[in-house]
1. Among the residues of the range B:692-709, write down those that are surrounded by 21 or more Cβ atoms within 10 Å (Cβ to Cβ) and more than 9 Å from every other protein chain (Cβ to nearest Cβ).
2. Name every residue in the range A:88-119 that is in contact with a Leu (Cβ under 7 Å, 6 or more places away or on another chain), within 14 Å of another protein chain (Cβ to nearest Cβ) and more than 14 Å from A:Ser202 (Cα to Cα), in order of residue number.
3. Do we have B:Arg740 as within 14 Å of chain A (Cβ to nearest Cβ), at positive phi and over 46 Å from the mean Cα position of the chain (by Cα) here?
4. When residues of the range A:119-157 are filtered for being more than 20 Å from A:Leu250 (Cα to Cα) and assigned to a helix (DSSP H, G or I), how many remain?
5. Here are B:Ala316, B:Ala325: which of them is over 38 Å from the mean Cα position of the chain (by Cα) and surrounded by fewer than 24 Cβ atoms within 10 Å (Cβ to Cβ)?
6. If I ask for residues that are more than 14 Å from chain A (Cβ to nearest Cβ) and acidic (Asp, Glu), which ones from the range B:642-689 would you list?
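The values are calculated or read from the model by the stated rules, or taken from the named source; none is laboratory data. Keep in mind it's a predicted model, so treat the numbers as computed, not measured. Using ideal geometry, Cβ is built from the backbone for each residue, glycine included, and neighbour counts are taken over all protein chains shown.
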Amino acid sequence: MSASAATGYRASRTLPIWAEVRRQASRRRTQLALGFMVLLPLIILIAFEFDTGGPGDEDADGGGAFSSIADLGTSGGLNFALFCLAVSAGFLLVVVVALFFGDTVASEASWGSLRYLLAVPVPRARLLGVKLIVAAGYSVLAFLTLLGSALLMGTLRYGWGPLGSTIASEIPPAEGLLRLLGILAYLLVTMLVVAGLAFLMSVLTDAALGAVGGAVMLWILSSILDQITALGGIRDFLPTHYTDAWRGLLSTPIQSEDLAKGAISAIVYATVFWGVAFYRFTRKDITS
Amino acid sequence: MSALSAGLRKLPRLTRRRAITASVVVVLLAAAAVWTVRSDRSDWTSEDLRLTVSSGPAGNEPVDLDARFYLPADRSGKVPAVLLAHGFGGTKNSVSSDAESLASRGYAVLTWTARGFGRSGGEIHLDSPDYEVKDAQGLLDWLATRPEVSTDAAGDPKVGVVGGSYGGALALLLAGQDQRVDAIVPSITWNDLNKSFLPQSAGTDATGVFKKSWAGLFFGNGAAGAESAVSAQLGGGSETAEGGVGGGAAALDPACGRFSAEVCAAYLQMATTGIPNAATTELLRKSSPATVLDKIKAPTLLVQGAVDTLFPLSEADANAKGIAATGTPVRVAWFTGGHDGGEGPTSDSDRVKYLTVQWLDHYLKGEGEVPGDDFTWSRVAGFSALDRGLVTNGYSAQAYPGMGGTGRTQISLTGSAQPIANPPNGNPGALSSLPGLGGRLSSVLSGGVAMDIPGQVATFTSEPLTAGVDVGGSPTLQLKAASPTGEATLFVKLYDVDQNGASTLSAGLVAPVRLTGLPADIATAAPITVTLPAIVRRIEAGHTVRIAVATSDQAFLTPAQPATYTVAVEPSLTLPTLVGTPIADPGTLWWYALAGVIAAILLGLTVVILVIRRRHRRRETSVIDGYAETPLVVDGLRKAYGDGFVAVQEIGFKVERGQVVGLLGPNGAGKTTTLRVLMGLTTPTAGEIYVFGHRLVPGAPILSRVGALVEGPGFLPHLTGYENLRAYWQATGRPWEDARFDEALEIAGLGDSVHRRTKNYSHGMRQRLAIAQAMLGLPELLVLDEPTDGLDPPQIAEMRRVLQRYATDGRAVLVSSHLLAEVEQTCTHAVVVNKGRIVASGLVDDIVGDSPSVQLDVSDVPAATRVLEELGVRSVTPEGTHGLIVDMNGTARSELVASLVTAGIGVDRLVPRRRLEDAFLALVGDNSRGSGDR
């Protein structure tokens, strides 16, 4: 009776999460993405300093949630962080998440190191699982970095105060911070769609750029379709339809209905995409 | 023909998977199409009618009304009816969507265009009991004759009246004048037109202040008879009064339009002076539900908007009190909307629709519980998350509290008496609301509109509130005023001022006050109670309340003469508060749905993992005992790709311990595919691979006893060679000391370059690093694909020694190569493959050992061929211009040379051939294109 594996080998110990964290941490794109999360609030802060307070911005019809967020951006650290989140939610965070999830398997395939990992052997489902967890971890880290640095810079420059809004009442600082974390959490949940899509494409293709770009492009397509009101009820099923529902967290009491709907939509989409990714990857011939 | 078949081959092959995918897509598309078509199928029918009714004081003035009658499509027996009236300036089309939804709920719905509007005849009498109300009575008569409509008695249909604004007042007046009405739902309507157009917020008998902008809008609306601001704002299209269709349309009086002479005269008189005369007052009184409230016996649901400067909440309050006084069931609901705010947010319009249907279902159909007399209202919560509108939260209280709220809070104001100027002709004037423009609800509520003119306004402010106050009802205060003329027209406003100084005039509501008999000196002025319009608003903690007393407002007619008044307010401001229980948000259901979705996903995931675990456990136990000590057994391996290409036809061989086996074959022979299957990267179509007796499947743990280099190196370019090896070993999860790192590095022989990034490596350096990686942990079976690729001759020689040494300790090596010499020099055993099949296998020595054939270079090939054939050899094959390959068949080489020389043929060269080369060249020589091109 021969040993079924080399001494010390256990499938559940292959590709430890920390090993994968280190594999990704040493990559330039990880460092750049995280670095930009610190840089962006700084750029916005400097841009705000150019505000000369000149006339012409008082667009009477420009009301609505976004302009109120922008108008209040300099009223305190919390509002500044909120502004930073709001401007990056639409595109920047999508790209970052797509990068972390879309690049992770496809880049290993393009380097040729994927086949050696599978020959270790790292079980295919485990490989995907670890990659998924680490990509999610880096995404959360990127979001937290953005929020943290924006909060820090905003508070240093504009002070610590309640989270203001033009229509609803001001939210006291402690609760405002919780609301911001809630917004961050909801944004992360909506990004599950991007994460699912990018990861699926990462598994289907050997080209990392294709996976990232494809996921971002499909996201943009969905956003464009969502703008077309003629589509009516179909829009409710678009993955991007509820991406703005985090604004509900700014009102008192919180409007949670769309948050729940958005979370359901994102989780279902991500489950489908990840399910297909696992199904495909555990069965396909690795040709890279 | 061949072009056609080539074209056909390019089409995707119809595989089972593709067929399933395609059919799923087709089914989904068909389902979507069916659903779309089905949802267009209406559950009601309608017919347009022209009904002639007789009205007028004597009931002898016929008028032709443009009407539409809706019936539910699937009704069984008779159904109750709803008379659905439109707002001022609208037509029957304005209420079509409400009519459709009521009809689909099982009501016969009669809508009509009121006299003086659209395609109906007659003139506008402002819901006069003699005209519009009598018209509606005629419609009740008509409904009673319809066979589809259920009746209480002969000529008495089971009917409810629903309407907003102009239609709401009609509902009240009709219910007061005709007892056949069984239930009414009037919304955003008036109690007393005198008070609506001449509001007076102070506790005096003086006539109020003329609300000129709303009155003008209404008058302009009826006079033009065209698409109007009011109807456009309140929803629904309207149609022009085309000549010849309506009664009075053909000869429009430019001053009065389609208004009746009395109404026109009343407006002109009132708008000119601001003080109505007796005839005007009497006309407005007749058109007011206030006169008939005590006669209303039909249960009444009153819906009033909190954002309404035309008919504020106090109008519904007066109606509710009047009707309830006689014991008739009354229910009140407020919503965030109205003549200024429109329909309000979806949550509000949904609530109003629900209440309406509940009311009608009970009192007309007899379905459902008795609607309670609890009171519901809503308050702005913030911006809608998805669009630019507002969202509100609904609340309910046990009973309707009226204008005084469920509680009250006193706030003290500071501010001394201040002089304020009345501008001549009210110009410039303060701005509070924009009647008829239908501004966005958010701007009305967030205070973007209101504006005071300096010098015309006195302000009195409170301290910042220590706690938030939920105001709901009419705030009251005591005002003192002095005027040199003895009279003053003032506007009292309540602003909510936040910490940054931004002030909001909630809903644009102001309290107009006209005072008479004032002293000239403020010191002698008596305080007068001013009741401000009812608002629904939460004033947050930290905000201040500011009371502004202004002399002008663009919405009102103010005295033309300039004057300077002095005003002061008593410190005490009473704010009614409204506390209720939040109406359960249907949105919470979605959180349960979310929890359900997550639970279902987790459950599914658990099931999948359990199933996979069980399958794994079963698989891992399968060991073939006979092969337990054999590093590698490949048995009947076949790999066919999805596009029909067969890379491996059938390959089977063994690698025993201590052997270095060479897998030899030309490019495309199937070597790499075999190794890919061996590494678990590719699943074979047929056949098995056993490693130490364990069946090999993708990811099988037995692979951990195999080290591999397949299809070139694969490294992380941003890491150094050393870091790459370490990252690889970390990925195995095995103990560090098992790696035998130093031995591997020695084999790689990279020196200091091992600390450079691999992206800067040459091909050979990467190759050596990859071999070192394959040897990490000294696996018992080493599989190397073209290991010498990119190495220089000394390194190749070194590699041969390394591999031979490696196999000595019970380990085995499998090397694939397309180079004969390499296999010959490195391997103990060889397996020769071509076109996916094994053509030779065995000990290299056996294969390489002398073969019965020799290669000859001779001076005369044809002559030599003849000589050799006579010698009785097995075969003679020419090769090149001078070469011959001879299968000797036992003939001695010396004899062969002697015969040739004897025959006078020069022999330049004689080389014994070896079997391996024979076999190999036979393959490659015959078809140098390789099997990959098949």
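1. B:Leu696
2. Once the filter is applied, which keeps residues that are in contact with a Leu (Cβ under 7 Å, 6 or more places away or on another chain), within 14 Å of another protein chain (Cβ to nearest Cβ) and more than 14 Å from A:Ser202 (Cα to Cα), the range A:88-119 yields A:Ala89, A:Ser113, A:Arg115, A:Leu117, A:Leu118, A:Ala119.
3. It is true that B:Arg740 is within 14 Å of chain A (Cβ to nearest Cβ), at positive phi and over 46 Å from the mean Cα position of the chain (by Cα).
4. First, the residues of the range A:119-157 that are more than 20 Å from A:Leu250 (Cα to Cα): A:119-142, A:145, A:149, A:152-153, A:156-157.
In the following step, the residues that additionally are assigned to a helix (DSSP H, G or I) were identified as A:119, A:124-142, A:145, A:149, A:152-153, A:156-157.
Within the range A:119-157, residues that are more than 20 Å from A:Leu250 (Cα to Cα) and assigned to a helix (DSSP H, G or I) number 26.
5. Details: B:Ala316 fails: surrounded by fewer than 24 Cβ atoms within 10 Å (Cβ to Cβ).
Only one candidate qualifies: B:Ala325.
6. B:Glu650, B:Glu688 - these are the residues of the range B:642-689 that are more than 14 Å from chain A (Cβ to nearest Cβ) and acidic (Asp, Glu).
For (1) touching a Pro at 6+ places or on another chain (Cβ under 9 Å); (2) at pLDDT 90 or above; (3) aromatic (Phe, Trp, Tyr); (4) surrounded by fewer than 22 Cβ atoms within 10 Å (Cβ to Cβ), each residue gets a yes or a no:
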residue	(1), (2), (3), (4)
A:Arg126	no, yes, no, yes
A:Ile133	no, yes, no, yes
A:Leu144	no, yes, no, yes
A:Leu156	no, yes, no, yes
A:Leu163	yes, no, no, no
A:Pro172	yes, no, no, yes
A:Leu180	no, yes, no, no
A:Ala185	no, yes, no, yes
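Results for (1) more than 16 Å from B:Ile411 (Cβ to Cβ); (2) assigned to a strand (DSSP E or B), shown as yes or no for each residue.
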{"position": "B:Pro519", "(1), (2)": "yes, no"}
{"position": "B:Val530", "(1), (2)": "no, yes"}
{"position": "B:Ala541", "(1), (2)": "no, no"}
{"position": "B:Val545", "(1), (2)": "no, yes"}
{"position": "B:Phe556", "(1), (2)": "yes, no"}
{"position": "B:Tyr592", "(1), (2)": "yes, no"}
{"position": "B:Ala595", "(1), (2)": "yes, no"}
